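One structure is given here, and the rest of the page talks about it.
The values are calculated or read from the model by the stated rules, or taken from the named source; none is laboratory data. Just so we're clear, the structure is a prediction, and the values are computed from it rather than from any experiment. Cβ sites come from the backbone with ideal geometry, for glycine too, and all protein chains shown count toward neighbours. The area values use the complete protein model at the heavy-atom level, side chains included, leaving out ligands, DNA and RNA. Shrake-Rupley method; radii C 1.70, N 1.55, O 1.52, S 1.80 Å.
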Amino acid sequence: MFKIFRYLTLQIEPTTACNLNCKICMRKKLGRDNIFLSFENYKKIVDSGNFRYVGLHGWGEPLLNHDIFEMIKYAESKGISTNLTTNGTLIHEKIEHIFKSGLNEIAFGIYDKSLFFHILPKIEELINEKRRNNFARPKIYFDITIYKENFTQIKEFLDIAHDLGVDAVILHRLFNVYNVDPRIEYISEREEKELFAEVTEFSKFKRMELYLPSSHRLPCRYVKSSIFVTAYGNVTPCCFLPELYLGNAVEIGLKRIIRSKKYIEFVKGMSEHPVCSKCFW
């Protein structure tokens with residue numbers, strides 16, 4: 001049973017606060033106060049497991065946490081690779097800190113064309129600064145959520161990524177099990193198949209690194225390879241289950257939570273879980 005729990009990735013939420021209110025985001029459904037994970041609690045969480053990778057993201061904008069670059073430096077100093085996912089709006093004033101922190105990867109969350117073109121000059125500034133100084137880090141990704149409204153724009157996003165010299169593009173499916181906005185629609189299986197074939201051909205022709213979502217299976221591959229900790233320190237198997245609390249990592253540590261009866265029963269019953277059984281992210 002514990003072969004499942006070979007956690008290599010820690011996903012951790014630096015803050016619940018955000019400077020945007022994106023329509024595809026489930027943050028507005030959670031009704032949480034704006035809080036910030038402290039650097040001290042962050043260190044306790046990182047030190048409580050054996051991680052190779054830390055993803056700094058959640059249902060808030062990580063760059064709003066004033067300790068975010070100390071968090072990155074701390075993980076990197078322990079040989080843990082770091083990734084930060086951002087909406088990109090605060091990049092301009094943070095560029096110097098991004099390069100000095102040793103951040104390994106930065107992903108820009110993209111779903112809306114108008115917002116994308118608003119942050120595009122900031123992304124371009126980051127890329128130009130990286131080239132100007134011949135920096136190897138961070139790798140720069142576009143992280144694109146696919147749904148009905150932007151379905152016909154994906155190719156345009158990839159064109160821009162190629163022209164900018166972005167290191168890779170990640171496509172993933174919309175997650176709307178909680179129905180955060182009833183106007184948001186998934187694309188059909190046929191549309192997805194056609195899109196994936198088209199962008200795969202494009203990426204090969206352009207020699208651009210592209211990551212596509214695979215088929216969803218249970219037990220979930222994300223649960224088998226990662227753990228999510230909220231800004232409150234609460235542990236949950238997945239960022240899409242932010243209210244399924246299995247214990248507090250600051251108070252009792254991750255190892256004890258992962259080995260708990262509650263966690264094991266969750267994994268065994270995942271196929272009947274009201275969210276996991278409907279998820280194909």
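Of the trypsin sites (Lys or Arg not before Pro) in region 227-281, the ones in a loop by DSSP (not H, G, I, E or B) with at most 13 other beta carbons within 10 Å are ARG259.
Shown here are the Rg and Dmax of the Cα trace of the chain, at 18.6, 53 Å. Taking PHE51, PHE117 and ordering them by how much accessible surface each has at a 1.4 Å probe, largest first, produces PHE117, PHE51. Given region 150-281 reduced to its alpha-carbon atoms as identical point scatterers, what log10 I(q)/I(0) does the Debye formula return at q = 0.15, 0.16, 0.21 Å⁻¹? Rounded to two decimals, the profile gives -0.87, -0.94, -1.18. Net charge within 12 Å of LYS262 by Cβ-Cβ distance, Lys/Arg positive one each and Asp/Glu negative one each, not counting LYS262 itself? Charge balance near LYS262 sits at +3. Residue pairs exceeding 20 angstrom between C-alpha atoms, taken from LYS28/LYS73; LYS28/LYS224; LYS28/LYS193; LYS224/LYS268; LYS94/LYS206; LYS130/LYS204: LYS28/LYS73; LYS28/LYS224; LYS28/LYS193; LYS94/LYS206; LYS130/LYS204. Would you kindly give the portion of the calculated P(r) for region 105-162 that falls above 19 Å, as a percent of all Cα pairs? Cα-Cα pairs in region 105-162 separated by more than 19 Å: 30 percent. For region 36-115, the alpha-carbon radius of gyration amounts to 1.09 times the rule-of-thumb value 2.2 N^0.38 Å expected for a compact globular protein. In the assembled protein chains, HIS172 presents an accessible area of approximately 30 Å² (probe radius 1.4 Å). Across region 14-150, the mean sequence separation of Cα contacts (distance under 8 Å, 6 or more residues apart), normalised by length, yields a relative contact order of 21 percent. Both radii are taken from the alpha-carbon atoms of region 1-152; with Rh as the Kirkwood radius, Rg/Rh is 0.97. Projection of the Cα convex hull of region 206-281, averaged over all directions and equal to a quarter of that hull's surface, yields 6.4 nm². Structural size metrics of region 143-201, computed from C-alpha coordinates, are Rg and Dmax of 12.3, 36 Å. For the residues LEU218, LEU126, LEU30, a 1.4 Å probe over the protein chains yields an accessible-area ranking, largest first, of LEU218, LEU30, LEU126. Lys and Arg at +1, Asp and Glu at -1: add these up for the other residues within a Cβ distance under 11 Å of ALA168 and post the number. Result for the local shell: -3.
As a length-normalised measure over Cα pairs under 8 Å and 6 or more apart, the relative contact order of the chain settles at 21 percent. Shape annotation for region 72-173: C-alpha extents along the principal axes are 42, 27, 21 Å, from largest to smallest.
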